[in-house]
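First comes the structure, then the notes that go with it.
The values are calculated or read from the model by the stated rules, or taken from the named source; none is laboratory data. Computed from a predicted structure; not experimentally measured. Cβ placement follows ideal geometry from the backbone for every residue including glycine, while neighbour counts extend to all protein chains displayed. For the accessible areas, the whole protein counts, side chains as well, though only heavy atoms, and no ligand, DNA or RNA atoms are used. Shrake-Rupley method; radii C 1.70, N 1.55, O 1.52, S 1.80 Å.
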Amino acid sequence: MLGAVVGLVALAVAGCTSHAGAAAQVDDKTIGTDTVRGIVDRGMSAYTAFAAAHPDAASQQTPVTRDDLQRRTLGNLVEYQLDLTEARKRGITLSPQEADAYYQSYAIFGSGSVAAFEQAGASAGFAPEDLRTIIRTYALESKIEDAIAPDLVASSADVTSAYTSALTQFGVKSLPLSLTEASPFLARQLMNQQRDAKLRPILAQTARTDHVSVNPRFGVWSADDISVLAADGSIATKGTPVPELNLAS
């Protein structure tokens, strides 16, 4: 998703993989170091501002580090490219309107409002514009999961119960989305673990066939985990616990 999408440029690859100026390559696409640096710079600024404004909350969570944020950012960018490959295979597209609707739903049922969700994103090291990029990836993956496992959706009764629980959780009498408007999102979100279990092996196989290559400066690519891991010789040699913010679709 990665929005704009963060400057992924087509690259002709001849024979071998080169990381000159690239943080990673996915098939014939390259993810530039400038792209990663921009997202990380914005994220660290957002986190610093959050910590300054909310010192008590910041002290109770694992600090965001630049090394960890670089790996998470690059992993997100690579995953989006894999999602695009799968979407193209299946004739799936995601319109800006669909992405915006998914973002609103994800924010409301994750944090109660878009503003609260974006504050939570800042606490995990993501600026609002880049948080939208991440959630856009989740929206595309939800559509792919619909194609893979169309029957994996929650019942109407479970959706209604989840909606009512959200009202109680956030202490409100109403939400920006009605039950009818929220139902498609909730029906899928409630089955997220099962749906994700169907998608992960497919993305792992795509990662192998698309020949994902990560610049050793940033870590090592794990197709099984669909993420960039810390490794000896990379910018960071050991993993950093991720702040407690659920940004998994």
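Miscellaneous remarks
- Global geometry of segment 76-174, whether rounded, prolate or oblate, following the gyration tensor of its Cα atoms and the 1.5 cut on a/c: oblate
- Taking a ≥ b ≥ c as the square roots of the eigenvalues of the Cα gyration tensor, an a/c ratio of 1.5 or more together with a/b no larger than b/c marks segment 16-163 as oblate.
- Highest average packing first - 84-95, 69-80, 132-143, Cβ atoms within 10 Å: 69-80, 132-143, 84-95
- Nitroxide proxy distance, nm - points 7 Å out along Cα→Cβ at Gln60 and Thr168: 2.2
- Whole-percent carbon and sulfur share, accessible surface of segment 86-164, 1.4 Å: 52
- Around Glu98: net Lys/Arg minus Asp/Glu count, Cβ-Cβ under 15 Å: -2
- Whole-Å distance, taken between Cα centres, linking segment 108-153 and segment 168-226: 8
- The listed peptides 183-196, 49-62, ordered by packing as a protection proxy, come out as 183-196, 49-62 (highest mean of other Cβ atoms within 10 Å first).
- Cut-off under 5 Å, modelled amide H: who pairs with Ala24 long-range: Ile31, Asn215
- The phi-based Karplus calculation (6.51 cos²θ - 1.76 cosθ + 1.60; θ = phi - 60°) puts the 3J(HN,Hα) values of segment 59-75 at 6, 8, 10, 5, x, 7, 10, 5, 4, 5, 5, 4, 5, 5, 4, 5, x Hz, whole numbers, x for Gly and Pro.
- Per-residue ³J(HN,Hα) for segment 209-218, Karplus 6.51 cos²θ - 1.76 cosθ + 1.60, θ = phi - 60°, Hz, x for Gly and Pro: 6, 8, 6, 5, 9, 10, 4, x, 4, 9
- The H on the amide N of Met191, modeled in the peptide plane, is under 5 Å from the matching H of Ala154, each at least 5 residues off or on a different chain.
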